[in-house]
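The numbers here are math on the coordinates, done by the rules we state, and not lab data. Here the structure is a predicted model, which means the values were calculated and not measured. Don't worry about glycine lacking a Cβ; one is built from the backbone with ideal geometry, like all the others, and counts go over all protein chains shown.
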Amino acid sequence: MKIIRYDKVPCAPQDTDQSYYTAHATLVADSCARPHMRPLFVPGDPSQWRCSLRVAVRIGRLGKAIARKFAPRYYDEFTLVNILEPADAASMGLTTPTAMLDDSIVTGNWLPISGLEGHVTLKVTDPDGEVTTTDIAVAVDTEFVDSVIATLSRDATFRTGDMIILPQPIIPIAPTPDSHVTAGTGDHSLIDFRIK
């Protein structure tokens with residue numbers, strides 16, 4: 001399984017050409033992914049880390065050299081993922097802000113993109129049992145995903161189960177030990193994990 005992560009949003013005119021999709025793709029080791037419902041362990045001082053909820057899509061079929069017009073045939077599911085990332089990579093001695101640890105990405109339940117209602121209810125329960133509920137807008141940028149698939153598939157083969165993490169963080173969460181994070185849309189749970 002390949003995990004492809006994007007962090008920079010294409011917004012300037014020069015970012016709209018195909019070079020953006022290769023230059024800003026970060027290939028993440030699959031050992032970074034933790035399954036749904038598994039706890040997230042924060043190493044050392046929690047204040048040195050931040051949690052970032054993102055939207056991800058999953059590749060549903062094998063393909064290489066995929067024309068952009070056919071890209072939508074290669075994915076139809078989305079989820080939320082939580083990325084544990086350094087609050088300040090340089091101060092932690094990391095070479096890049098996207099440096100990843102094993103088990104630092106919590107993956108959620110996969111749901112059909114067609115069922116996305118446009119908003120997700122996020123609940124964070126602190127160690128004292130106090131619950132903070134937030135409604136957040138969630139969308140799958142299909143134009144972006146289509147461009148990623150069309151561009152990267154010229155040099156690499158996409159396989160069933162590969163994941164593309166979209167660049168726009170939805171909401172930051174402080175990684176407070178013993179807190180509990182859940183998010184869902186309608187009656188469907190998207191992500192559920194405890195922070196340890």
Problem - About the Cα centre, charge dipole magnitude for the chain (Lys/Arg +1, Asp/Glu -1 at Cβ), debye - result: 780
Handout entry: About the Cα centre, charge dipole magnitude for the range 80-196 (Lys/Arg +1, Asp/Glu -1 at Cβ), debye
Key = 240
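Rounded, prolate or oblate, given the Cα gyration tensor of the range 149-196, with a/c below 1.5 counting as rounded?
Cα axes put the range 149-196 in the prolate bin.
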Handout entry: Nearest-0.05 FRET efficiency for S114 and K69, computed from C-beta distance (R0 25 Å)
Key = 0.85
Completion exercise
In the chain the DSSP beta bridges are antiparallel at a rate, in percent to nearest 5, of 90
Completion exercise
Nearest 10, in degrees from 0 to 90: the angle of helix 142-152 to the longest Cα principal axis of the chain is 60
Handout entry: the chain: most fluctuating residue of D146, D76, D128 per GNM, C-alpha cutoff 10 Å
Key = D128
Completion exercise
Per-residue Cβ contact counts at 10 Å, fewest first, order K2, K64 as K64, K2
Exercise for the section: Extending each Cα 7 Å along its Cβ direction at Q168 and M37, get the distance between those two points in nm, one decimal. Expected result: 3.1
Exercise for the section: Just tell me which lysines come within less than 16 Å, Cα to Cα, of K64; anything on the same chain fewer than 8 places away is out. Expected result: K2
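For the range 76-196, what class follows from the C-alpha gyration tensor (a ≥ b ≥ c being the square roots of its eigenvalues): rounded when a/c is under 1.5, otherwise prolate if a/b is larger than b/c, else oblate?
Note, shape of the range 76-196 comes out oblate.
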Practice task
Arrange H180, H119 by Cβ neighbour counts within 10 Å, fewest through most, would you?
Solution key: H119, H180
Completion exercise
Each label sits 7 Å from Cα toward the beta-carbon; between D30 and S189 the label points are separated, in nm, by 2.5
Practice task
Please order Y75, Y6 by the number of other Cβ within 10 Å, starting at the fewest.
Solution key: Y6, Y75
